[in-house]
Amino acid sequence: MAVCFSGSWFVFTCGSKLGAADTARNRDPFVFDCSTAEKKPRSTKDDNSDGGASEETGSDRILAFAASPSGKLVALTDDNKRLVLFECEPAWRCISIRCVVRRCTSLLFSRAEDELLVADKSGDVYSFSVAEPQAEGELKMGHLSMLLAVTMSPDDRYVITADRDEKIRVSHLRSPYNIQSFCLGHQQFVSALLVPSGRPRWLLSGSGDGTVKLWEYESGRKLQSCELEESDTQKKPTVCRIISSPDARHVAVQCERVSTLQFFSVDEDSEDKLLPHSRLVLPHCPLDVTFDPAGRLWALMDCDDEPIRVYSHRRDRWEPDAESPELNRVCETFRPHWDTLEASARSSSRFDHLYKVTYDNVAAYLQKKQQRLEEQQLKRTKAQEANGSKKAKKSETS
């Protein structure tokens with residue numbers, strides 16, 4: 001489940017459905033159900049049964065979606081390896097349904113909105129044309145491990161990718177084989193990337209190691225690292241979302257299964273570039289958060305009674321907008337789809353399987369070695385005692 005704003009449209013995904021409600025004008029909501037869309041034919045080489053015209057048999061669950069910078073386009077990809085492109089202004093319509101090679105983890109429109117970048121689980125990035133909506137994707141670059149996040153520089157010069165192996169790579173978009181830099185320093189998978197508003201040379205990254213780091217991405221230089229506050233569990237918090245308000249005043253960091261949002265400000269003139277600003281304790285753990293064009297914070301929470309809340313920043317703190325007419329309009333569209341979603345689907349983790357498991361083989365080896373040495377010493381002692389007793393008997397007889 002995820003939320004974002006595409007212009008004035010509040011867009012959400014809920015299982016196999018993508019929905020949208022206009023928060024500015026009284027327009028009809030839009031809902032697209034992937035389970036009713038045309039499925040991808042399975043190729044003969046992938047079908048080991050009879051080579052017939054079979055179809056992909058995924059779950060239709062939406063894996064990722066993205067809105068274009070202008071708010072006029074939206075794209076999604078699902079578990080059936082489909083890439084669906086929508087136009088949402090002046091009215092919603094499905095432009096194309098294309099197939100991707102592997103299941104995807106992240107989508108991103110270029111600033112020029114002429115191409116759509118698709119990152120998949122095998123570590124590849126494909127470019128799909130927006131102007132030619134039926135054209136197949138072009139392989140742009142690849143990592144050696146699963147890609148988890150992708151973003152671009154504001155001038156569309158660089159594409160920045162992050163993978164499970166703690167690496168952040170900065171590549172030239174038009175010639176991705178030309179690597180500009182690496183941003184290295186995380187101790188676990190990198191799960192979130194953001195070029196903050198108003199700071200086109202900087203990059204924020206979040207990881208499973210419980211830190212948010214600030215980089216000068218063109219050189220790969222680390223400017224600062226912030227340890228996030230520990231969660232209730234023993235494991236360090238996993239950063240799952242970093243977003244920036246439109247006015248660049250607030251950077252919100254969301255951690256998985258943590259009910260507290262942490263806010264930072266980015267200041268180029270101060271010694272500490274990334275400054276903790278405030279904290280917002282939500283009544284329930286958020287599933288996703290986003291800013292609307294007016295700078296208000298919308299939080300989707302794991303709660304049946306009140307799944308969506310809106311907050312405004314007043315008097316240096318975040319306060320809920322309980323009587324927001326926009327919220328009522330969104331909830332009318334969202335509620336029917338939320339009620340049909342199983343609670344287990346809402347609470348499942350996206351990152352638990354990404355942590356690398358380490359085994360301390362050295363300790364076990366040293367313990368066995370010590371046991372072996374003690375056994376050998378015991379055998380030598382017994383042998384010496386036996387030899388001593390034999391010599392004593394010989395001397396007695398002689």
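The values are calculated or read from the model by the stated rules, or taken from the named source; none is laboratory data. Please read these numbers as outputs of a predicted model, since none were measured by experiment. Don't worry about glycine lacking a Cβ; one is built from the backbone with ideal geometry, like all the others, and counts go over all protein chains shown. The protein model used for the area step is the full one, side chains on, heavy atoms only, and it has no ligands, DNA or RNA in it. Shrake-Rupley method; radii C 1.70, N 1.55, O 1.52, S 1.80 Å.
Numbers below:
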quantity: Which listed residue is charged (D, E, K, R) and either under 20 Å from ARG249 (Cβ atoms) or modelled with pLDDT under 85 (or both), from ASP321, ASP288; calculated: ASP321
quantity: Any hit, region 198-209, residues being part of a loop (DSSP other than H, G, I, E, B), polar (S, T, N, Q) and either at pLDDT below 95 or closer than 13 Å to THR161 by Cα (or both); calculated: no
quantity: Every residue from region 138-172 that is open to solvent by less than 30 Å² (accessible area, probe 1.4 Å), touching a residue at least 24 places away in the same chain (Cβ under 8 Å) and not in a strand (DSSP E or B); calculated: HIS143, SER153, ASP156
quantity: Top-ranked residue of region 67-94 - restricted to ones that are in a strand (DSSP E or B) and open to solvent by 10 Å² or more (accessible area, probe 1.4 Å), ranked as nearest to PHE12 (Cα to Cα); calculated: ALA67
quantity: Test set (1) open to solvent by less than 20 Å² (accessible area, probe 1.4 Å); (2) of a type in the set (Gly, Ala, Ser); (3) within 27 Å of LEU287 (Cα to Cα) - SER197 fails condition number; calculated: (1)
quantity: When residues of region 284-298 are limited to those that are in contact with a Pro (Cβ under 9 Å, 6 or more places away or on another chain) and not in a loop (DSSP other than H, G, I, E, B), the one nearest to GLY71 (Cα to Cα); calculated: PHE291
quantity: Residues that are of a type in the set (A, V, I, L, M, F, W, C) and in contact with a Pro (Cβ under 8 Å, 6 or more places away or on another chain), drawn from region 126-162; calculated: MET141, VAL159
quantity: Conditions (1) in a loop (DSSP other than H, G, I, E, B); (2) buried (at least 18 other Cβ atoms within 10 Å of the Cβ): number failed by PRO133; calculated: (2)
quantity: Residues located in region 96-123, provided they are open to solvent by 30 Å² or more (accessible area, probe 1.4 Å) and assigned to a strand (DSSP E or B); calculated: ILE97, CYS99, THR105, LEU108
quantity: Residues that are open to solvent by 30 Å² or more (accessible area, probe 1.4 Å) and out of contact with any Gly (no Cβ under 9 Å at 6 or more places or on another chain), drawn from region 173-184; calculated: ARG174, TYR177, ASN178, ILE179
quantity: Of all residues making up region 264-283, the number that are assigned to a loop (DSSP other than H, G, I, E, B) and open to solvent by 70 Å² or more (accessible area, probe 1.4 Å); calculated: 4
quantity: Of residues in region 244-265 being within 18 Å of the chain's Cα centre (by Cα) and among the aliphatic types (A, V, I, L, M), the one nearest to ASP302 (Cα to Cα); calculated: VAL258
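Here is a yes/no grid of residues against (1) open to solvent by 20 Å² or more (accessible area, probe 1.4 Å); (2) in contact with a Cys (Cβ under 7 Å, 6 or more places away or on another chain); (3) assigned to a strand (DSSP E or B):
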{"residue": "TRP215", "(1), (2), (3)": "no, yes, yes"}
{"residue": "SER219", "(1), (2), (3)": "yes, no, no"}
{"residue": "SER225", "(1), (2), (3)": "yes, no, yes"}
{"residue": "LYS236", "(1), (2), (3)": "yes, no, no"}
{"residue": "VAL253", "(1), (2), (3)": "no, no, yes"}
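Let's see how each residue does on (1) at pLDDT 90 or above; (2) part of a helix (DSSP H, G or I):
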position	(1), (2)
ASP305	no, no
VAL310	yes, no
LEU366	no, yes
ARG380	no, yes
GLU385	no, yes
LYS390	no, yes
